[in-house]
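Trainee: Mind looking over this structure? Questions follow.
Every number here is computed from the coordinates shown, using simple stated rules; none is lab data. The shown structure was predicted, so the numbers you read here are calculated from the model rather than taken from an experiment. Ideal geometry is used to build each Cβ from the backbone, glycine not excepted, and the neighbour counts take in all protein chains shown.
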Amino acid sequence: MNRQTQKRLLGIAALVVAAVIWQIVAEYVVGRSFILPSVTDVAGAFANLLGSGTLLADIAVSLEHFGIGLLAAFFLGVPIGILMGWFRVADFLLDPIIEILRPIPPLAWIPFAIIWFGLTTQAAGFVIFAGAFFPILTATYSGFRDVPKVFVEAGKVLGCDTSFELIRYVALPAAIPAIASGIRIAMGVGWMCLVAAEMFGVSRYGLGYELWHNYYLHQMPNVVVYMLILGFAGLIIDRIFRNYVDGQLLRWRAGEVA
Amino acid sequence: MSGVTIRDLGKAFPKEDGTTTQALAGVNLEIGDEEFVCLVGPSGCGKTTLLRIIAGLETTTTGGVTVDGRAVTGPDPKRGMVFQEYSLFPWRRVIDNVAFGLEMKGVAKEERRRTADYYLELVGLSQFRDAYPFELSGGMRQRVAIARALANDPDVLLMDEPFGALDAQTRNRMQKELLSLWEQTKKTIVFVTHSVDEAVYLSDRIVVLSPRPGSIREIITIPWSRPRDRTSAEFAEVRRRVLRMIDETENTQ
C-alpha cells in the first residue's frame, strides 16, 4: 500500500468513525433532533431537499451574490492596488483612507447595504464585496511593491518608456502570483460573508437564506444540510481556482503558488 | 561608429542627514567604436554607478555622457545592458524574453521571433527556445540575457559583472563565448568586473578606478591578440600590476 492510498483510507476511516460517534451521541445522549440532529436525520433531510428541487436554485442565487461581490472587488481592488503600488503619490493619498476603512468588519456594512441598495441582489453582493475588496487590494499593492528592481530596470533598458508599458509588461506579470493568492483569500472571506449577506431576506433562494429560513422553522436537520453544502461549495470553489491558477502559473513558477 | 564619450562626469548621492556622498568626480573617458573596455577597481569605487549612468539608469550631477554624439538622458534600447542578477522575466519563455525589446518596438510577432531565434542560435541555446528561465542554469540564463540585449541591435553593450555569480569553469567558458560574440557582432562593450583576471583576458583597455570619489586612476592598454593565454608570464605580469594598483588606491584612503 503506498502513502497516497494509506492517507485516503485513513481519512475515510476517520470520517466513518466521526459519523458513528455523532449518530450515537445524537440518538442516545442528546436524544433531541432539535438540539443535535443525527446523521440519519440529516441524510433524510438531504434526500427531501433534493426531491424538492430548490437546491440548484439556492446554489445559483448564492453564486450570483458571491460573483457580484468578487467581480466588483476584483475590478476595483486590482486597479487601486496597482495605482498605490506603483505611484508614490497615490499611495500617500489613499493609504490613510484605506487604513481607516479596512479594519471595519464587512458585516458592519449590512445596514448601509440595505439602505443604499434595498433588499436586492446588489445589497448581498455589496456585503461580500466589503469582505473581498481589501484582501485583493492589499495583495495587489504588495505584489507591486515587491517587483524586483532588476526586472523594472531591464524593462527600461529594453524599451519600456512609459509607466503604462512597465506596468503592463513587467510589474503586472511579476505580481500575478501575489494577486492570485489575494483573490484566493478574498474568495474565502467573501464566502464567509455570504450567510450573513443572505440573512436579511434579499432573495427567496440562496444557501445562506435557506439556512436562516429553516432555523426560523426549527428544521435543524435542514440547517445542517445547508451548513454542509456551504462548506463543500466553498471547498470546491477554492479547488477550482487553485487548479486553474496552478495550471497557469506552474509553467513558469516551479512550486510555491497561492 | 558608436563611441562613448564621458566628460567631466561627477555623481553625488544625497544622504539621510542632508549631506552628500561623492561617488564619482572628474571622470573623463573616450571609448572607441567596437572597443572592449573593462572597468575595475576596489569595492565602492563607483564602477557600477558609472556603468548605470552610461545606461541612463542614473543621472549625473555634473558633466555628461554622449554615445554616438548624442547625449544620454535616460534608458534606451540603443544601449543594451546585462545585469549581474538574473534579470530574465520568469513568466516569459526564453524566446519571448529575447524578443521582448522588439515587442516593445512594435515589431510583428513573426519577425521578432525570427530575429530572436537568430540571436538564440548565436549564443547556442536554440534548443531551449521554449523553456522557461527556471529550467536553465545560471550560465545559460546569462547567455539568454546577452541575446536579449543584442536582439535590440544596440550601439553599446553594457555589462555589470555578468559572470560574477557563476562558478569558475562556467565563467571561463562564458568569457570565451563573449569574445566570439563580440567578434561576430562588432559591438562596443563596457564591462564591469571584480576579477582582474577576467579584465586582462577580455579587454582592449582596462580602466582602473580609485575610490571615493571614484575617478580614473590609470588606463592600461592590452595589445595582445586573442585568445589569450592566462598562464603566460606577460599575462601574470599585467595582472600583478593592476592588482597592485587597486591595492594602493585602497590603502591610501
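Trainee: Can you pull the mean other chain C-beta count within 10 Å for peptide A:158-166?
Mentor: Mean shielding by partner chains, rounded to a whole number: 5.
Trainee: Run the quick spin-label model on residue B:73 and residue A:57: label points 7 Å from Cα toward the beta carbon, then report their separation in nm to one decimal.
Mentor: A separation of 6.8 nm, rounded to one decimal place.
Trainee: For residue B:229 paired with residue A:248, estimate the spin-label separation in nm (one decimal), with each label point 7 Å from Cα along the Cα-to-Cβ line.
Mentor: Calculated label separation equals 6.0 nm.
Trainee: Something else now. Could you list A:157, A:189, A:42 so that the one with the fewest beta carbons within 10 Å of its beta carbon is first and the one with the most is last?
Mentor: A:189, A:42, A:157
Trainee: How many partner chain Cβ atoms sit within 10 Å of a residue's Cβ in peptide B:71-82, on average, as a whole number?
Mentor: Per residue, the average neighbour count from other chains is 3.
Trainee: Same structure, new question: Taking square-rooted eigenvalues a ≥ b ≥ c of the alpha carbon gyration tensor, is region B:29-91 rounded, prolate or oblate, where a/c under 1.5 means rounded and, failing that, a/b exceeding b/c means prolate?
Mentor: rounded
Trainee: Shifting gears a bit: Calculate, for residue A:2 and residue B:13, the FRET efficiency according to 1/(1 + (r/R0)^6) with r their C-beta to C-beta distance and R0 60 Å; round to the nearest 0.05.
Mentor: My answer for the efficiency is 0.50.
Trainee: Sort B:155, B:17, A:146 so the one with the fewest other Cβ atoms within 10 Å of its own Cβ comes first.
Mentor: Placing the least packed residue first, the sequence is B:17, A:146, B:155.
Trainee: What GluC sites (Glu not before Pro) in region B:2-48 are in a loop by DSSP, with at most 14 other Cβ atoms within 10 Å of the Cβ?
Mentor: When the GluC sites (Glu not before Pro) of region B:2-48 are filtered for loop state and at most 14 Cβ neighbours within 10 Å, B:16 remain.
Trainee: Given a cut-off of 27 Å, name the pairs among B:105/B:187; A:156/B:176; A:156/B:47; B:11/B:186; B:109/B:176 whose C-alpha atoms lie farther apart than that in the structure shown.
Mentor: A:156/B:176; B:11/B:186; B:109/B:176, as the Cα separations exceed 27 Å there.
Trainee: Measure out, as a whole number of angstrom, how far apart the alpha-carbon centroids of region B:122-143 and region A:9-52 sit.
Mentor: The two parts, judged by their Cα centres, are 58 Å apart.
Trainee: Turning to a different aspect of this structure: Looking at the protein assembly as shown, send over the antiparallel percent of its DSSP beta bridges, to the nearest 5.
Mentor: 55 percent
Trainee: To the nearest Å, what is the center-to-center distance of region A:160-198 and region B:13-92, using C-alpha atoms only?
Mentor: Result: 36 Å between the Cα centres.
Trainee: Quick one: putting +1 on the C-beta of Lys and Arg, -1 on the C-beta of Asp and Glu, what dipole do you get for region A:37-249 around its Cα centre, in Debye to the nearest 20?
Mentor: The dipole magnitude comes to about 220 debye.
Trainee: Further question on the same structure: In vacuum, with every alpha carbon of the protein assembly as shown counted as one equal point scatterer, what does the Debye formula give for log10 I(q)/I(0) at q = 0.07, 0.12, 0.13 Å⁻¹? Two decimals, please.
Mentor: -0.58, -1.09, -1.21
Trainee: In region A:1-42, which trypsin sites (Lys or Arg not before Pro) fall in coil by DSSP and have 12 or fewer other Cβ atoms within 10 Å?
Mentor: A:32
Trainee: Which chymotrypsin sites (Phe, Trp or Tyr not before Pro) does region A:1-70 hold that lie in a coil by DSSP with at most 15 other beta carbons within 10 Å?
Mentor: A:34
Trainee: Follow-up question, since we're still on this one. Can you sort B:61, B:21, A:140, B:249 by how many other beta carbons sit within 10 Å, fewest first?
Mentor: Listing B:61, B:21, A:140, B:249 from fewest to most nearby Cβ atoms yields B:21, B:61, B:249, A:140.
Trainee: Any idea which of A:209, A:222, A:183 is furthest toward the positive side of the dipole for region A:149-258, if Lys and Arg beta-carbons carry +1 and Asp and Glu beta-carbons -1?
Mentor: Result: A:183, furthest along the dipole toward the positive end.
Trainee: Here's something else I'd like to know. Quick one: grab the alpha carbon gyration tensor of chain A, order the square roots of its eigenvalues as a ≥ b ≥ c, and give me rounded if a/c is under 1.5, else prolate or oblate depending on whether a/b is larger than b/c.
Mentor: In terms of gyration-tensor shape, oblate.
Trainee: Dipole of region B:6-119 (Lys/Arg Cβ +1, Asp/Glu Cβ -1, origin at the Cα centre): which of B:21, B:71, B:83 lies farthest to the positive side?
Mentor: B:83
Trainee: With a sphere of radius 10 Å drawn around the Cβ of residue B:44, what net charge do the other residues whose Cβ falls strictly inside it have (Lys, Arg +1; Asp, Glu -1)?
Mentor: +1
Trainee: Next question. Put a dot 7 Å past each Cα toward the Cβ at residue A:122 and residue A:30; how far apart are the dots in nm?
Mentor: Inter-label distance under the simple model: 4.1 nm.
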